[in-house]
Amino acid sequence: MPRSERSPLLLAGLLATAGISHFVTPRPFDATIPSALPGSPRAWTYASGAVELALAAGVALPRTRRAAALATAAFFVGVFPANIQMAVDWHHRPTPFRTAALARLPLQVPLVLWARGVAKGGEGRS
């Protein structure tokens, strides 16, 4: 399989893994939900997991790949406040946890760029 065909499937796999994790172990995700959002953190955790699963399916399918990859880029931007919340809330945790929380912040940039690249590669395919 050519590299250009693997990249969307790897992105879909990342999204699917993250989406499933929201349902299997929701508690860590609940803790990242900004308190400014209305409703239960668990509802936001499940909703974001469902969105990640839907995006994974869309990115995996050539027919929907471009739109889903653009939506994925927007999703990665949209969840950035949760990553900030995690970094703020975890300032008192042991160093490995603090480091992981802080490392997530700049990692959003390559994720957004990856999704945009998949969208560009998906143009004209069906």
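Note on the stretch 3-118: with charges restricted to the Cβ of Lys and Arg (+1) and Asp and Glu (-1), its dipole about the Cα centre is near 260 debye. A dipole drawn for the chain from +1 and -1 charges on Cβ atoms has a positive end, and of Gln108, His91, Ser21 the residue lying farthest that way is Gln108. When the square roots of the Cα gyration tensor eigenvalues are ordered a ≥ b ≥ c, the ratio a/c for the stretch 1-55 is 1.5 or more and a/b exceeds b/c, which makes its shape prolate. Only one of (1) 52, 36, 26; (2) 47, 28, 23; (3) 44, 36, 33 was calculated from the structure for Cα extents along the principal axes in Å, and its label is (2). Only DSSP H runs of four or more residues enter the estimate; each adds -39500 (n - 2.57), and after division by the residues of the chain the mean residue ellipticity at 222 nm equals -26000 deg cm²/dmol. Loop-located trypsin sites (Lys or Arg not before Pro) in the stretch 1-67 (DSSP state other than H, G, I, E, B) with a sparse environment of at most 16 neighbouring Cβ atoms within 10 Å: Arg63. Between Ala87, Ala103, Ala57, the residue with the greatest mean-square fluctuation in the GNM of the chain (Cα pairs under 10 Å linked by springs) is Ala103.
The slack between Leu61 and Leu107, meaning 0.36 nm per residue of separation minus the straight C-alpha distance, is 14.1 nm.
Every number here is computed from the coordinates shown, using simple stated rules; none is lab data. Quick caveat: nothing in here was measured; it's all calculated off a predicted structure. We place every Cβ from the backbone using ideal geometry, glycine too, and count neighbours over all the protein chains shown.
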